[in-house]
Amino acid sequence: MSEKNTQKPISYKETPYITQDLYEKMYTESISNPEQFWGDHATKYLHWYKTWNTVYQGDFSSGEVSWFEGGILNASYNCIDRHTEQGNGEKTAIIWVSNEPGEERIITYNDLLDEVSRLANVLKEKGVRKGDRVCIYMPMIPEATFAMLACARIGAIHTVVFGGFSHEALATRIQASEAKVVVTADVGKRGAKIIPLKSQVAIAIETCPSVEAVLVVTTDESQTLPQIAGEISYHEAVQQTSPVCEPAHMNAEDPLFILYTSGSTGQPKGVVHTTAGYLLYTSVSHKYVFDYKEHDVYWCTADVGWITGHSFVVYGPLVNGATIVLYEGIPTYPDCSRYWNIIDTYGVTIFYSTPTAIRLLMAQGDSFISGTSRESLKILGTAGEPINPEAWQWYYETIGNSVCPIMDTWWQTEIAGPAITPLPFASHLKPGAVSKPFFGIQPVLLDDDGKEIIGAGSGMLAIKGSWPSQLRGLYNNKERFLETYFKAFPGYYISGDGAQRDEDGDLWVTGRIDDMMEISGHLIGTAEIESAITKHSDVAEAAVISIPHNIKGESIRAFVVPIAGTKETDAFADEIITLVKETVGSFAKPDELIFVPDLPKTRSGKIMRRILRHLAQGDTKNFGDISTLADPGAISAIITKMNL
């Protein structure tokens, strides 16, 4: 941890929603009187056809909770109609930026209402009813958001599958959800790559008897692809139907979506989120965490196939009537200035990305930044994994011109929105720290016996007590739901992450529990050692794992990605070891450094350390579920490098 390296709040041109004193007052209220706190916010932030009977009830220890029971609303109406009815129909809702520079679409809230209503009617014509599941397997194009909101409009439950998944992974998710319709596109484009989405669907649905129709968006007419069973032209279908579709009246606890996440073993987990609590938490956290104002241009780089894309590309921002940027491509295409050029072109004021992307771009040097100003930015954010202090500092100083506070947020698919996060002008920012809990969240650190650790210390990160956007279960698998999140220590939601709390009460997420290491009696997280390694100017990325050791308990292995052109000499390795010893301590120095060209990561950018753990022990096959692996070639390259 870099506890002494703090960044005080900067001067700000606007009046922030939350100051430090107000945060303390509101947080106390959210914990001591959550029904009043969230009830007031639900009245302010959401439109209801019928108000609720009770704000909260349930048994948290068994995961049986409900929020706003008896209330009736519609997610699509809250994201679109109420803005058009309030005279904001011509406000830009979505700025879509193509993979290819120079191509864009500007979609107003009136346009969004038209597109979503038409698609909703098409789904109804195809027999989709309230409670039916619809699989969305799309690139980052506007139709992906239309499909999500169209499902919400008629009460169908969407399950979005990231467009980079293989047909096997897609089929598994369709089968698990028993989806009735698939919405897809002919191809997706990510940089120079063409992703054959329709072809993947064609193979997947051969083993998915529940699928009755496939809607296909044509994105590239030069592609000549064979028709698949049940295929319907998306654009032809929406043009032939009515632009008016009345929103379904949904109960507060009706499911809104299922999002599948992969575990280390076994089948993907179908996380279920319901309507009211999810909408409320995502909209409130979007507004407060990023100090969102009506004139802001907001850009979250996440794909809609992940929870960050659900909550902070679609639902949270649109409930708040935001103008969002939706980008189809990758940060390095056609070169590494793409993100910064988009920020300048569209006047982006709030930018939310991943530590992986930040480190990737940092490793390319500052020449790609020098031609851009990024002067429109007021807030930066990160999500998905801990950010090392060096990348944080570069992000703050170089990208944010030392005037944009960084919201380093911790949350999960199951939580649905930032649970631990700074607030822009209520927190002293510490590079690498996720700071304090968001409203309604009671984080605790538990020891191995499930006892709470008070004050400074390290342990398992858990949450005590419910919050509105808490997952309601795993689809068709209550036993696994209880086993995964609640059974080990009843009364707590077990996140699976480890964390440290410093003397100021700020939290530092150290990674998954299985990424915590006990070396010679010292408990340490992989992120702390990785941060030390990446201090070296010639290191792009690092991943640290441990393997059993008969004397120390665990032995540290570090997989290091050098910046292109760096010679992998003994002197280079010694410099890295010295950095770890100086930054963390001699006990934390890796027993072996392994230089590799890349690290195995999920498509959302998380390093798959369990694969590295197997490789470090000579196991080249038994990796468990690798359906989320972005590039299988990364494993092959490491195997070759290690002569396994």
Amide H neighbours of PHE257 under 5 Å, at least 5 residues apart or on other chains, H built in the peptide plane: list them. HIS273
Here, SER367 and GLU503, labelled 7 Å along Cα→Cβ, have an inter-label distance in nm of 4.5
Label-point separation (nm) for THR218 and ASN33, each offset 7 Å from Cα along Cα-to-Cβ? 6.0
Short version: ³J(HN,Hα) in whole Hz for each residue of segment 471-486, in order, from phi by Karplus 6.51 cos²θ - 1.76 cosθ + 1.60 (θ = phi - 60°), x for Gly and Pro, what are they? 4, 9, x, 9, 4, 6, 8, 5, 4, 5, 4, 5, 5, 6, 10, 10
Can you work out ³J(HN,Hα) from phi for every residue in segment 40-56, in order, using Karplus 6.51 cos²θ - 1.76 cosθ + 1.60 and θ = phi - 60°, giving whole Hz and x for Gly and Pro? 4, 5, 5, 5, 7, 9, 10, 9, 10, 6, 8, 6, 7, 8, 9, 6, 9
Can you give the FRET efficiency to the nearest 0.05 for ASP574 and ILE626, using r as the Cβ-Cβ distance and R₀ = 51 Å? 0.90
Label-point separation (nm) for GLN86 and LYS464, each offset 7 Å from Cα along Cα-to-Cβ? 3.7
In square nanometres and to one decimal, what's the mean projected area of the convex hull around the Cα atoms of the chain? 27.0
Take the Cβ-Cβ distance between GLN20 and ASN401 as r, set R0 to 41 Å, and report the resulting FRET efficiency rounded to the nearest 0.05. 0.95
Calculate one ³J(HN,Hα) per residue across segment 389-399 by plugging θ = phi - 60° into the Karplus curve 6.51 cos²θ - 1.76 cosθ + 1.60, and present them in order as whole Hz with x for glycine and proline. x, 5, 5, 4, 5, 5, 4, 5, 7, 8, 7
MET407's amide H: which non-local residues (gap 5+, or another chain) put their own amide H closer than 5 Å, with H modeled 1.01 Å from N in plane and none for Pro or chain starts? LEU380, GLY381, THR382
For LYS451, counting only lysines whose alpha-carbon sits under 27 Å away and dropping same-chain residues fewer than eight positions off, the answer is LYS436, LYS464, LYS478, LYS487, LYS552
Loop-only check: which GluC sites (Glu not before Pro) in segment 406-508 are DSSP coil with at most 15 other Cβ within 10 angstrom? GLU503
Would you please put 240-246, 210-216 in order of how densely packed they are, using the mean number of other Cβ atoms within 10 angstrom per residue and starting with the highest? 210-216, 240-246
Ranking ILE494, VAL97, PHE587 by how far each Cα lies towards the positive end of the charge dipole of the chain (+1 on Lys and Arg Cβ, -1 on Asp and Glu Cβ), the top one is ILE494
Among residues other than ASN88 whose Cβ falls under 12 Å from its Cβ, what is the net charge (Lys/Arg +1, Asp/Glu -1)? -2
Do you know the relative contact order of segment 1-155, to the nearest whole percent, from alpha carbon pairs under 8 angstrom that are 6+ apart? 15
Quick one: which residues, 5 or more positions from GLY188 or on another chain, have an amide H under 5 Å from its amide H? H modelled 1.01 Å from N in the peptide plane, none for Pro or chain starts. ILE195, LEU197
I'd like the distance separating the alpha-carbon centroids of segment 420-452 and segment 301-317, in whole Å. 22
What does the charge dipole of segment 444-540 about its Cα centre add up to, to the nearest 20 debye, if the Cβ of each Lys and Arg holds +1 and the Cβ of each Asp and Glu holds -1? 620
Rounded, prolate or oblate: pick one for segment 520-641, where a ≥ b ≥ c are the square roots of the eigenvalues of its C-alpha gyration tensor, a/c under 1.5 means rounded, and failing that, prolate if a/b is larger than b/c, else oblate. oblate
Only Cα pairs under 8 Å and at least 6 apart count here; give the relative contact order of the chain as a rounded whole percent. 13
Segment 531-578: relative contact order as a whole-number percent, Cα under 8 Å and 6+ apart: 35
DSSP beta bridges in the chain: the antiparallel percent, rounded to 5, is 60
Just add up the charged neighbours of TRP394: K/R +1, D/E -1, any other residue whose Cβ is under 14 Å from the Cβ of TRP394. -2
If you count, for each residue, the other Cβ atoms within 10 Å and average over each peptide, how do 321-330, 336-345 line up from highest to lowest? 321-330, 336-345
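Read-outs: derived from the displayed coordinates by stated rules, not from any lab. No experiment lies behind these values; they were computed from the predicted model shown. Because the Cβ atoms are built from the backbone with ideal geometry, glycine has one as well, and the counts that use them run over all protein chains shown.
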